[in-house]
1. Relative to the Cα centre, what is the charge dipole magnitude of the protein assembly as shown, using +1 at the beta carbon of each Lys and Arg, -1 at the beta carbon of each Asp and Glu, and rounding to the nearest 20 debye?
2. Under 19 Å from the Cα of residue C:7, which aspartates and glutamates turn up, not counting those fewer than eight places away in the same chain?
3. Nearest-5 percent of antiparallel DSSP beta bridges in the protein assembly as shown?
4. So which cysteines of the protein assembly as shown have no other cysteine's Cβ under 4.7 Å from theirs?
5. For chain C, with only Lys/Arg (+1) and Asp/Glu (-1) charged at the beta-carbon, what is the dipole magnitude about the Cα centre, in debye rounded to 20?
6. Please work out whether the range B:251-343 counts as rounded, prolate or oblate from its C-alpha gyration tensor, where a ≥ b ≥ c are the square roots of the eigenvalues and a/c under 1.5 means rounded, while otherwise a/b larger than b/c means prolate and anything else oblate?
7. Across the residues of A:102-113, average count of Cβ atoms on other protein chains within 10 Å?
8. Under the Kirkwood approximation applied to all pairs of distinct alpha-carbon atoms, what is the hydrodynamic radius of the range B:105-251 in Å?
Amino acid sequence: MSKGNLTRRGVLKTGAVAGAGLALPTYLSAQDSGFTNAPSGATVTLGFNVPQSGPYADEGADELRAYELAVDHLNGTGADNGMLETFKYADGSGTVLKGSGVLGKKVEFVTGDTQTKSDAARASAKSMIEKDGAIMITGGSSSGVAVAVQALCQEAGVIFMAGLTHANDTTGKDKRANGFRHFFNSYMSGAALAPILAAQYGSDRKAYHLTADYNWGYTTEEAIRSSTEAMGWETVGTVLTPLTQTDFSSYITPVLQSDADVLVLNHYGGNMVNSLTNAVQFGLRDRMVNGKKFEIVVPLYSELMARGAGSNIAGILGSQNWDWKLENQLGAKYSGTNAFVQSFGTKYGFPPSQAAHTCYVQTLLYADAVERAGSFAPCAVVDALEGFSFDGMGNGPTLYRGEDHQCFKDVIVVRGKENPENEFDLVEIVEVTPVEQVTYAPDHPQFAGGALGSCNNGA
Amino acid sequence: MDAIILQILNGLDKGSAYALIALGLTLIFGTLGVVNFAHGALFMIGAFCAVTLSRLLSLSHEVAVPGSVDFLGNPQMRDVPYIYEIFGESLGAGIIDWAVPLSILFAIPVMIAIGVIMERGLIKHFYKRPHADQILVTFGLAIVLQEIIKYYYGANPIPTPAPSAFIGSFDFGALIGFEAGQIIYPYWRLVYFAFAAVIIGAVFAFLQFTTFGMVVRAGMADRETVGLLGINIDKRFTIMFGLAAAVAGLAGVMYTPINSPNYHMGMDFLVLSFVVVVVGGMGSLPGAVLAGFLLGILESFASMREVIAIIPGINQVIIYLVAIIILLTRPRGLMGRKGVMED
Amino acid sequence: MFGLDKKDASLLLIVAVLVAFAPFFLNPFPEGSAMAQFNAGYPDLMQRFVIFGIFAIGFNILFGLTGYLSFGHAAFLGVGSYAAVWMFKLLSMNVIPAIILAVIVAGIFALIIGYVSLRRSGIYFSILTLAFAQMSFALAYSVLTPITGGETGLQLALNDPRILSAATTGGNIPVPALFGFEMRSSTQWAVGDWLFTFNVGYYFAAIIMLCSFYLSIRIFRSPFGMMLRAIKSNQQRLNYTGLNSRPYTLAAFVISGMYAGLAGGLMASMDPLAGAERMFWTASGEVVLMTILGGVGTLIGPVLGAGLIKYMENIISKINSDILHTWFAFLPDGLEDVVVTLIYPFIGKGWHLTLGIVFMLVVIFLPGGLVEGGQRVSRLFGRKKKAHDPKNATTEPAE
């Protein structure tokens, strides 16, 4: 920046050369092709909208790494081909992606900062659509952002491939035809955790919930409550905690006063780290109630954030969308895992998080859908993804359900390790709940109240 | 009853953090009249002093573990801290374990230096500038400090546990004559409360009983007159700035085992600490401390299920609600002095 | 012209010209060139420039004239957006009723908060406004979720009633429009390699911004404005003359709150979603920073400050290391890496760092904000013409 003159001359030169071959971003003016930002040149632009500032910045950074890896693989410029080798359709044939771009166009990308705020995320997504001509937006690390950006993409007529978003609303009351979610949701967490909680801790338990006081917290509490109560647990108390809370002591001490013997922390990110740390500080893990050992449950684990809680996560059960040890420990059903971990690890030197995994898979799924549809038009992509069954992406056989654009696959139940060897290996896989147990009807009451609408190609 | 005592303890504990931050802020803001938006950042840097020292102490080199491979198939490496080689494994591990308390010694000079540099290099030039300019420059500084920490330490919280002797909780109720098992409280939170009490006492004693403190107090009341008496009040104010930074930093160091520090923890406390100072009353140190404990205790009570059941959402707004009520009933907060930052 | 003196009229004219031709000024680099990264002439950002301009102009009426520093102004913007989105949900997608309701609701809200907060002055006033805004944020994010949408924000849905217009258009939610002119629709004009975008929403917001700017000039120059300045310079003396200053400050507070509501209503009109973060204290702090950065009490300063902050937020944050590498690709490999490594911390995810540094530099070297910088530049050019004028010999960087 300080070398303004030098820069400008240089870039003008590069610009002049490149300008001839490059496509003009033709946002909202592609009447001839019939959809927003139709790529007309030799490249196609994807928009990676992840948190780069604020508390989720590290998670965003991991998502971005995964996206860059996915672009490498799509263009065939990576050290290997990652999941392109393992990605299979329901009939057993491999993906049509060949590592030569998408529909013959080289994949390029732009990045933006969601700041984990719905306004900023929409501003960033809009600039990608309006200025950079992005044909698809993906990313995010919270449900508020996912829902906001998904609605924007619906309106603008581009595809939204959600990143990490766990609230039921994303594919429930706020679902949109142009939006797709690979990540699992609160309901699935509840359905997956409940049988394992019953098996591990017994079906005669009294649970106390601390819940983050916003949408995701509400849906998670509801999901966990209804699934655990169905197994015979009793819910003795629920308290909502402010998002901005940092010290949870005053919410933990009433737990000590109650006769509860399980504490469920419906918290994510920084809230989770702090509430869990505080709960362990107050000796909850060493506590005995009614002759039973007191237990703590964290419905949604985030490996990255769990690092912040250090040794406090030891022995705590929770659920995950995916874990990098899956294929090694549970076999070839979860193929794709090792291929991804290998190429991610080779490029960056450490194993990927579940946020990175879902973002990587979403990018490949989008590219594959475009290739199969033979068009970048959002409605064609929606058609290709609805009801699409695939395998070899690390989660076992998976279905993108047409009714609500939610992926259905196995859910992993994990427990914090007692003696982790390094900061990337904090959890151990307890069990995998098969997809049948976490599948629900599209009109399930926890998902009621929204409509997909019809797909939008934009201008 | 014991539920109430527990919430009072929680409140005192939260209040300790609020009071310590507000104490430092009052020294700068309530008395020098500088609106210091970087004060939260000083608290955060204090916390990262603890992180840095524990990182420094556990600086290590890698040793291959025979017969074991990592996830990529390369030989598994294990970190061995250098300190083990200097002091032997058991003493070395002990030193690492005590990193947080040791950081106090490390943080005092660092924080005083940062405070003095900040005052001499930047704030000094802004005493006579409008408050608006002070806000902009200190806010800018806060962002810069915060981003530097983020650049080196990432955005995630970093676990910084207390020494193992202070981990966990014990039956505090039994000590003060309650039935066993009724009031169980974590060691470190009591340590934090005691530590805050000592620091607050020391600052008050320093201002009350030393000549230096007397001059500073006189300077707060009437800077010009003290200057006319031939006393170099500027130098003393610089030292006060360093002291305020050290108080904020120590509050941060000791806070790390309670909640893992992250780069934006200062911003999280910033607004709250301004509220505490103003509720306490501008220019009043006892006011700031009193307001800190008061708001801490009220916040704890408001988060009880029984209270939320009566007024939903009260736990979200209690601090601000109390601030509004106090400022409307007492024009200058709890113990504010007339004429300080009133125009 | 319009009851303005010559200087003000020419300022208004300059602003009008700048705003009208912004799609050209903001897109100085040809498409496809590496510098195109710095182009800001796309609809969303241009809309943000003028909307935050309105917000800052309104804030300046309170802060710049009376000296009362409100630290909770974002609450009015947030309330305005919620009102506007509710109008879209219930009534129709026409922006006029939405904006009118936004201004009215924000005005009423400002009247209540102002009436209470203005009982105190100085820092006590600031903390009172901050407390009200933080309460609004906390409640909107949690307890009031049924009204505000909470975390995900209030948004339109297919099953909204919209009694005056069609609830859906072809299976999709209709978009906000002004009597058939959709806010999001644009036309583009390609001139050689350059591409200029003219957006309906932008010009709509820009016209409103010019009106607000005109109104603010009139307020600054009116007897009412003089009274407000008197309050700033010495409220006590004013009170001793037997004058009750409270109605004047309250009027300024409400006007300024209505400006914020207008900005909120416009934001919702351009992008029909209202999030609670709009009311968080950082959002209130942002408008304070915009005003100070541009120049407190100046007419054009707040608009410049708003523009600079929004530009950095939207442009700098989008530069990533790949883009840096393409920029410096002409350098030898080793040197390229060094240059990229040096710049990298300041762009992309480091945009906050750049923002902080800019704040500090501006306030240290330009005590009057960006307007001061502009004046210095014009003085510099002025001096060239009359180099013999000894008064302007040196320009000391002020401390």
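Every number in this text was worked out from the coordinates using simple rules, so none of it is lab data. What you are looking at is a predicted structure, and each value in this text was computed from that prediction instead of being measured. A quick note on method: Cβ atoms are made from the backbone with ideal geometry, for glycine too, and the neighbour counts reach across all protein chains shown.
1. 5020
2. Filter leaves C:372.
3. Percent antiparallel among DSSP bridges in the protein assembly as shown is about 50.
4. A:153, A:359, A:407, B:49, C:211
5. For this selection, approximately 1740 debye.
6. Taking the square roots of the gyration eigenvalues as a ≥ b ≥ c, the range B:251-343 is oblate.
7. Mean shielding by partner chains, rounded to a whole number: 3.
8. Across the range B:105-251, the inverse of the average 1/r is 18.8 Å.
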